[in-house]
């Protein structure tokens, strides 16, 4: 959301310590955010919303038009007189790329800077490499492919993967055997752009931002539980910075009562050893007598095979799985008190029998608050959409800095002269 620029102000209304160039970038950033959120807006509408004078808007808009960020066009007259001049985001040579690296899927989505969809690709046959250098090379190849397919240059790259950021720019991922891996720096090096900011977000955290718009602002605190080879949980609050700083929670390593199997984190009895997809699939095979699952086996395929072998055993397995998933939902509800919990991953591939069994456990009598919604995600691209939104937010925070790096300097005018044309700043 667009809000006041931080910093104390002097008598002229300028933020203390901020240079004219800083103010120029902040104003352009604020205008871009409004246009991304609302679509075309008139100059006067922008000036009123951002607290700028119309004369102050003139040099700012002129630079944005010159840089190809916005387009001016005549709007429809609502009263007598000349129709208002409308500003629309353009930047037809730029894009935002959101990349998802999972153990069961690799993919990317490409968006224009106004957030509209341009292109996307998925590959269920490819898994995230355990070697960090190979993972970085894979990301670089996906960025290049996305740019070639759309004919655009990326000004924001977001990557979501099963891992949590530690201090600085490092990532820990027990499922990949990573400890303090500087994956963002490795990706930038693989791209040959060491000054490019690569946004890294945990898959479950990113998915909290990819929820359907139908949820609305009435459900601001959102949790997402991702059921895959391991469990991940993300949490965001839309009231804080638009929710664009989601947190990652290591729920997969919470202890399960009575469990003794060894987890890949080195401990025993973790929730991952009960609800990780390999363990869930293995239990299905043992109960129904079908062949053990391969590394790339899809749970929905195994269930179909198991139903032909022993439908009653599948029903019992479904009930057990639903009870365990409900236990996990209750745990998140008690720890985080979200307004809504979305479920992603393999649980979304299961049929109506699982849905019915799960709903029978998601009741107030079982500790699920009646005021909280629990939804199975219908969009397997939620994490990619979420990380693209975060990467877009990163670009909008410092658009001119990024553009100068991408395009090699300002477009046609001296930046310092321009900066002196307007001393106002968004209030």
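The values are calculated or read from the model by the stated rules, or taken from the named source; none is laboratory data. Because the structure is a prediction, the values reported are computed rather than measured. Cβ placement follows ideal geometry from the backbone for every residue including glycine, while neighbour counts extend to all protein chains displayed.
Here are some residues: 57, 86. Which one is touching a helix residue (DSSP H, G or I) at 6+ places or on another chain (Cβ under 6 Å), at pLDDT 80 or above and under 30 Å from residue 238 (Cα atoms)? Walk me through how you get there before you give the answer.
Working: 86 fails: touching a helix residue (DSSP H, G or I) at 6+ places or on another chain (Cβ under 6 Å).
That would be 57, the only listed residue that is touching a helix residue (DSSP H, G or I) at 6+ places or on another chain (Cβ under 6 Å), at pLDDT 80 or above and under 30 Å from residue 238 (Cα atoms).
If you go through region 364-389 and keep only what is part of a helix (DSSP H, G or I) and more than 29 Å from residue 120 (Cα to Cα), you end up with 364, 365, 366.
Just so you know, in region 233-253 the residues that are assigned to a loop (DSSP other than H, G, I, E, B) and surrounded by fewer than 17 Cβ atoms within 10 Å (Cβ to Cβ) include one that is nearest to the chain's Cα centre (by Cα), and it is 245.
Which of the residues belonging to region 343-373 are under 23 Å from the mean Cα position of the chain (by Cα) and closer than 21 Å to residue 256 by Cα? Explain how you work it out, then say what you get.
Filtering region 343-373 down to residues under 23 Å from the mean Cα position of the chain (by Cα) leaves 343-349, 372-373.
Within region 343-373, 343, 344, 345, 346, 347 qualify.
If you check residue 218 against the conditions, is it assigned to a loop (DSSP other than H, G, I, E, B), at pLDDT below 90 and either touching a helix residue (DSSP H, G or I) at 6+ places or on another chain (Cβ under 9 Å) or within 27 Å of residue 317 (Cα to Cα) (or both)? For residue 218, the condition - assigned to a loop (DSSP other than H, G, I, E, B), at pLDDT below 90 and either touching a helix residue (DSSP H, G or I) at 6+ places or on another chain (Cβ under 9 Å) or within 27 Å of residue 317 (Cα to Cα) (or both) - is not met. Cβ-Cβ distances below 9 Å connect no pair with a first residue in region 113-139 that is within 25 Å of residue 298 (Cα to Cα) and not assigned by TED's automatic domain parsing to the domain that holds residue 98, a second residue that is at pLDDT below 90 and surrounded by fewer than 18 Cβ atoms within 10 Å (Cβ to Cβ), and a separation of six or more residues or different chains.
Considering only residues of region 280-323 that are under 33 Å from the mean Cα position of the chain (by Cα) and not in a helix (DSSP H, G or I), which is surrounded by the most Cβ atoms within 10 Å (Cβ to Cβ)? Per the stated criteria, the residue is 293. For residue 328, the test of being under 21 Å from residue 276 (Cβ atoms) and surrounded by fewer than 17 Cβ atoms within 10 Å (Cβ to Cβ) is failed.
In region 342-363, of all residues being in contact with a helix residue (DSSP H, G or I) (Cβ under 6 Å, 6 or more places away or on another chain) and not in a helix (DSSP H, G or I), the one that is nearest to residue 301 (Cα to Cα) corresponds to 344.
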